Amino acid sequence: MSLLMLFRRRDSAPVARERLQVLLAHERAMTGGTDLISVLQEEILAVIGKHVTLDRDKVQIKLDRGDPVSTLEIDVEVPSLLRAAAFGSG
Amino acid sequence: MAQVVVVTSGKGGVGKTTSTAALGAALAQGGESVVVVDFDVGLRNLDLVMGAERRVVFDLINVVQGDAKLPQALIRDKRLENLALLPASQTRDKEALTPEGVERIIGELRDKFDWIICDSPAGIERGATMAMRHADAAVVVTNAEVSSVRDSDRIIGLLDSKTAKAENGQKMPKHLLLTRYDATRAARGEMLKTEDVLEILSIPLLGIIPESQEVLRASNLGSPVTLSNPASAPARAYAEAAKRLKGEQIQISIPAAQRTSFIGKLFGRRAVA
């Protein structure tokens with residue numbers, strides 16, 4: 001048990017290295033002017049906002065900046081009234 | 001041609017002031033005329049590390065605002081006649097540093113000295129940007145630790161965009177000074193290795209300063225480590241870094257894990273005795 005913990009401790013530097021590489025890749029892109037993920041987030045919400053009254057408190061955004069892929073999860077609560085209207089017309 | 005060098009890091013506590021004092025003294029020991037300038041307005045400490053805290057009369061802000069002439073504010077080192085200190089103000093705030101005033105003073109210092117070493121405050125606010133503003137080269141002080149490396153990366157970005165040199169479309173030469181390095185821990189995989197930090201920040205290495213009790217001892221005594229104990233491992237590393245700063249090609253000695261701990265033990269015993 002203690003041996004295993006010792007072994008784990010020894011491995012912390014490679015973790016630090018990898019975390020830094022991923023983080024800095026994103027931060028450098030940001031200071032370059034555009035943060036694609038943030039731009040996407042704003043534009044997607046704007047498009048939805050055109051058709052639905054968006055309650056910003058009911059929008060959940062999860063972001064995971066990773067390597068090689070980042071994920072952006074946008075969870076929008078659409079009022080049921082609109083959904084009924086959409087079904088009715090469709 | 002005078003060289004203006006900013007010693008910067010973003011993060012606090014990584015060894016900017018210690019490195020400014022040691023590099024400045026090492027250059028002076030090599031015969032260059034040097035001034036070390038404290039830009040940490042409000043939290044000055046270079047005077048203390050240099051052992052000149054009781055001799056401060058006027059400071060950088062007094063000169064910026066025209067209340068004192070530059071020669072009145074410069075403090076000559078008692079050990080090295082070709083080393084001087086321009087202290088920061090302890091009472092004023094960083095807003096008193098005007099771009100015009102700083103430019104004028106750097107210009108005056110260029111006429112008097114071969115080397116102007118600017119000790120930057122931590123952070124990325126006015127004090128830090130003023131310290132790097134007129135630099136010809138930068139020494140980025142970094143510890144092999146995640147937050148320090150991240151902040152150094154940020155500072156490198158600022159050096160490449162917010163300095164006079166960058167705005168004129170010129171390249172800012174940047175040098176990495178890895179401080180408080182513990183080769184034993186790096187070898188065990190507990191600390192980022194030199195290669196890791198170099199690969200991540202991708203700027204050339206100026207030197208590796210081993211973690212050592214001699215650094216604290218030097219600041220206790222108010223003496224740059226290259227003067228307090230020139231034979232010690234950190235002093236030798238700083239002396240070599242200073243030579244590289246002058247453009248000399250010297251092989252970088254990466255402190256061997258085994259040897260550092262042996263030397264460490266040796267110093268430990270001597271301190272007890």
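The values are calculated or read from the model by the stated rules, or taken from the named source; none is laboratory data. All figures in this text were calculated on a predicted structure; none of them were measured in a lab. Here the Cβ is made from the backbone with ideal geometry for all residues, glycine too, and neighbour counts use every protein chain on show. When the accessible area is computed, the model is the full protein with side chains, heavy atoms only, and any ligands, DNA or RNA have been set aside. Shrake-Rupley method; radii C 1.70, N 1.55, O 1.52, S 1.80 Å.
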- Note on the structure: Checked pairs for the range A:4-21, first within 21 Å of residue B:198 (Cβ to Cβ), second open to solvent by 80 Å² or more (accessible area, probe 1.4 Å) and at pLDDT below 90, C-beta under 8 Å and 6 or more apart or across chains, list as A:21/A:67
- Give, as residue ranges, the strands (runs of 3 or more DSSP E) completely inside the range B:1-106 that count at least 3 residues that are in contact (Cβ under 8 Å) with a residue 60 or more places away in the chain. B:3-8, B:34-38
- Would you say residue A:47 is surrounded by 14 or more Cβ atoms within 10 Å (Cβ to Cβ) and at pLDDT 80 or above? no
- Query: Which helices (runs of 4 or more DSSP H) sit wholly inside the range B:116-207 and have at least 2 residues that are crowded, with 20+ Cβ neighbours inside 10 Å and within 14 Å of chain A (Cβ to nearest Cβ)?
  - Reply: B:146-159, B:183-187, B:194-201
- Residues being of a type in the set (Asp, Glu) and modelled with pLDDT of 95 or more - total across the range B:60-86: 2
